[in-house]
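Let me begin by presenting the structure, written as structure tokens, before commenting on it.
The values are calculated or read from the model by the stated rules, or taken from the named source; none is laboratory data. Since the model is a prediction, treat every value here as computed from it, not as a measurement. Ideal geometry is used to build each Cβ from the backbone, glycine not excepted, and the neighbour counts take in all protein chains shown.
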Amino acid sequence: MKDEISRATSAAGRVRAIAVTGTHLVENARRRHGTYPVATAALGRALVGAVLLAQALIKAPDRLTLRLLGDGPIGAVITDADALGNVRGYVLEPHVALPLKANGKLDVGRAVGREGSISVARTTQDAGPYSSAVRLVSGEIGEDIASYLTQSEQIPSAVSLGVLLRSTGSVEGAGGVLLQVLPGGEEYALTLEGRVRELGPVSELVARGAGASDLLRAILGDLPDFQAAPTSAPYLRCTCSRARARHSLVLLGPNTLAELVQDGEAELSCHFCGRTYRYGPEELERMRKESSQLI
Ligand SMILES: [Zn+2]
């Protein structure tokens, strides 16, 4: 099954749902970051969550950054996405191991932590940067995103995110749904949570072969005027480049660059994708000169 993004409305456009299937996306992220199971689940939920948020809140070419800063051993979960389905992310500590919960599930809430904040920052071309944060509810990420949308964006929302792993640690199914009441649909607000609960675990549905439009039909298909838009696809894609990494080194200033010239080499690694950029002494010397011209 390919990864998909799909959107639909029901009840004459008063209820909206967005669904993402991201088994390949999350498996790619797991391999790239070498995450242990509970960190794979946390990162995977956040990646899918960021794709859903970007679909709901921004338009191309803007970007959105979702940060979960809890007091758990993972430290922080950082993801960012654009409106076209491109997403990247990392957890501060990928090698976290925790006992399973009593129900046999990975304890994402404990890994992220229950004390802390969830924030969403947007860079918009029209209105400049905008950022807002609320307290974490459970650290389980889906509930936290729903709480953010309801409190901070004033859009009654329910979110379900899931990552199912094989015993080897690889990803068997990953996905999420976001359900929202739009203006005029207040009568449906109280039913959102129930609809998400009745759907069942998204990761298991995806592992059994459900596509994004199947999830939407299951969650909204009983309401009148069900209308689904064409599907697109989410991708794990980083925006870093040698030129951007170089620019951030130039911004360190001539004194720091002079020290790097002495060291003979500088190396910069991207947190999001793990790519490493290396600069030799001659290039560092050119950067030092450029940097001194900036002052
Ligand atoms: Zn990168």
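Assess whether His247 counts as being within 16 Å of the ligand (Cβ to nearest atom) and free of Cβ contacts under 8 Å to residues at least 40 places away in the same chain. Break it down into steps so the answer makes sense when it comes.
Numbers: within 16 Å of the ligand (Cβ to nearest atom): yes; free of Cβ contacts under 8 Å to residues at least 40 places away in the same chain: yes.
For His247, the condition - within 16 Å of the ligand (Cβ to nearest atom) and free of Cβ contacts under 8 Å to residues at least 40 places away in the same chain - is met.
Picking from Leu284, Leu252, Leu216, which residue would you name as being more than 30 Å from Met1 (Cα to Cα) and touching a strand residue (DSSP E or B) at 6+ places or on another chain (Cβ under 8 Å)? First the steps, then the outcome.
Numbers: Leu252 fails: touching a strand residue (DSSP E or B) at 6+ places or on another chain (Cβ under 8 Å); Leu216 fails: more than 30 Å from Met1 (Cα to Cα).
Residue meeting the stated conditions: Leu284.
Scan the stretch 271-295 residue by residue and report those that are touching a residue at least 40 places away in the same chain (Cβ under 8 Å) and among the small types (Gly, Ala, Ser).
Going through the stretch 271-295, the residues touching a residue at least 40 places away in the same chain (Cβ under 8 Å) turn out to be 271-274, 287, 290-291, 294-295.
Within the stretch 271-295, Gly274, Ser291 meet the criteria.
Looking only at the stretch 250-278, count every residue that is within 16 Å of the ligand (Cβ to nearest atom) and surrounded by 14 or more Cβ atoms within 10 Å (Cβ to Cβ) and tell me the total. Walk me through how you get there before you give the answer.
Restricting attention to the stretch 250-278, the residues satisfying the condition of being within 16 Å of the ligand (Cβ to nearest atom) are 267-278.
With the extra rule that they be surrounded by 14 or more Cβ atoms within 10 Å (Cβ to Cβ), the set shrinks to 268, 270-273, 275, 277.
Count: 7.
Could you check, for the stretch 117-134, whether at least one of its residues is away from the ligand (no atom under 16 Å from the Cβ) and touching a Gly at 6+ places or on another chain (Cβ under 6 Å)? Full working, then the answer.
Of all residues in the stretch 117-134, those away from the ligand (no atom under 16 Å from the Cβ) come to 117-134.
Going one step further and asking which of them are touching a Gly at 6+ places or on another chain (Cβ under 6 Å), we end up with none.
No, because not a single residue in the stretch 117-134 is away from the ligand (no atom under 16 Å from the Cβ) and touching a Gly at 6+ places or on another chain (Cβ under 6 Å).
Residues to consider are Gly162, Gly116, Gly176, Gly211; find the one that is closer than 28 Å to Ala233 by Cβ, at pLDDT 95 or above and in contact with a Leu (Cβ under 6 Å, 6 or more places away or on another chain). Before you say what the answer is, go through the steps one by one.
Details: Gly162 fails: in contact with a Leu (Cβ under 6 Å, 6 or more places away or on another chain); Gly116 fails: closer than 28 Å to Ala233 by Cβ; Gly211 fails: in contact with a Leu (Cβ under 6 Å, 6 or more places away or on another chain).
Testing whether each residue is closer than 28 Å to Ala233 by Cβ, at pLDDT 95 or above and in contact with a Leu (Cβ under 6 Å, 6 or more places away or on another chain) leaves just Gly176.
Could you pull out every one of the strands (runs of 3 or more DSSP E) wholly within the stretch 1-114 that has 3 or more residues that are closer than 25 Å to Leu192 by Cα and not hydroxyl-bearing (Ser, Thr, Tyr)? Write out each step before concluding.
Values: elements: 4-10, 15-21, 63-70, 77-82, 86-91.
The qualifying strands (runs of 3 or more DSSP E) are 4-10, 15-21, 63-70.
Counting only residues that are surrounded by fewer than 14 Cβ atoms within 10 Å (Cβ to Cβ) and within 30 Å of Met287 (Cα to Cα), how many does the stretch 198-249 have?
Total satisfying the criteria: 7.
Please specify each residue of the stretch 232-242 satisfying the condition of being more than 16 Å from the ligand (Cβ to nearest atom) and touching a helix residue (DSSP H, G or I) at 6+ places or on another chain (Cβ under 6 Å).
Step one: of the stretch 232-242, the residues more than 16 Å from the ligand (Cβ to nearest atom) are 232-234.
Within the stretch 232-242, Pro234 is the sole residue that qualifies.
All but one of (1) among the charged types (D, E, K, R); (2) free of Cβ contacts under 8 Å to residues at least 12 places away in the same chain; (3) more than 16 Å from the ligand (Cβ to nearest atom) hold for Glu204; state the number of the condition that does not hold.
Going through (1) among the charged types (D, E, K, R); (2) free of Cβ contacts under 8 Å to residues at least 12 places away in the same chain; (3) more than 16 Å from the ligand (Cβ to nearest atom) one by one, Glu204 breaks only (2).
Among the residues of the stretch 120-139, how many are under 20 Å from Ala39 (Cβ atoms) and touching a Leu at 6+ places or on another chain (Cβ under 8 Å)?
Residues flagged as under 20 Å from Ala39 (Cβ atoms) and touching a Leu at 6+ places or on another chain (Cβ under 8 Å) within the stretch 120-139 amount to 2.
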